[in-house]
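The values are calculated or read from the model by the stated rules, or taken from the named source; none is laboratory data. Keep in mind that what you see is a predicted model, and the values were worked out from it rather than measured. Here the Cβ positions follow ideal geometry from the backbone for every residue, glycine too, while neighbour counts run over all protein chains shown. These area figures cover heavy atoms from the full protein model, side chains too; ligands, DNA and RNA do not enter into them. Shrake-Rupley method; radii C 1.70, N 1.55, O 1.52, S 1.80 Å.
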Amino acid sequence: MTTAESTEFLTAGLRPHTCAHCGTCVLVKKNSWKHTSIQWTTDAAESCPVFAEHAAAGESTALLDTCEKLTVSIAESVRSGDFGVLDA
């Protein structure tokens, strides 16, 4: 059973981010300079070309941490000031 508190904990601070490489939209929260929470809003294997490539090769995408191109896109957004870091 989901409580209001657990929902708030899991979703607070998440903001939409569109990947500069492929246009996939995810929800992102920067907890610290090193910690980034990413919530996919679509099936990553269908919307992200990097995940799709792994899936097409028969690999499991469940063990992929995230897309490196998405990580770069988020980092660029942080540097440009689009995302604040919560512990900054």
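Restricted to the stretch 48-77, and to residues that are touching a residue at least 40 places away in the same chain (Cβ under 8 Å) and touching a Phe, Trp or Tyr at 6+ places or on another chain (Cβ under 8 Å), which residue is farthest from His21 (Cα to Cα)?
Of the residues in the stretch 48-77, the ones touching a residue at least 40 places away in the same chain (Cβ under 8 Å) are 67, 69-70, 72-74, 76-77.
Checking the rest, the ones that are also touching a Phe, Trp or Tyr at 6+ places or on another chain (Cβ under 8 Å) come to 67, 74, 77.
Numbers: Cys67: 10, Ile74: 11, Ser77: 13 Å.
Applying the filter and picking the extreme gives Ser77.
Ser73 falls short on exactly one of the conditions (1) open to solvent by less than 40 Å² (accessible area, probe 1.4 Å); (2) at pLDDT below 85; (3) among the hydroxyl-bearing types (Ser, Thr, Tyr), and that condition is (2).
Thr66 meets each of the listed conditions (1) modelled with pLDDT under 95; (2) in contact with a helix residue (DSSP H, G or I) (Cβ under 8 Å, 6 or more places away or on another chain); (3) surrounded by 14 or more Cβ atoms within 10 Å (Cβ to Cβ) apart from (2).
Scoring Val85 on the criteria (1) within 19 Å of His21 (Cα to Cα); (2) surrounded by 14 or more Cβ atoms within 10 Å (Cβ to Cβ); (3) among the β-branched types (Val, Ile, Thr) leaves a single failure, condition (1). The set of residues in the stretch 37-60 being of a type outside the set (A, V, I, L, M), open to solvent by 50 Å² or more (accessible area, probe 1.4 Å) and under 22 Å from Asp82 (Cβ atoms) consists of Gln39, Trp40, Thr41, Thr42.
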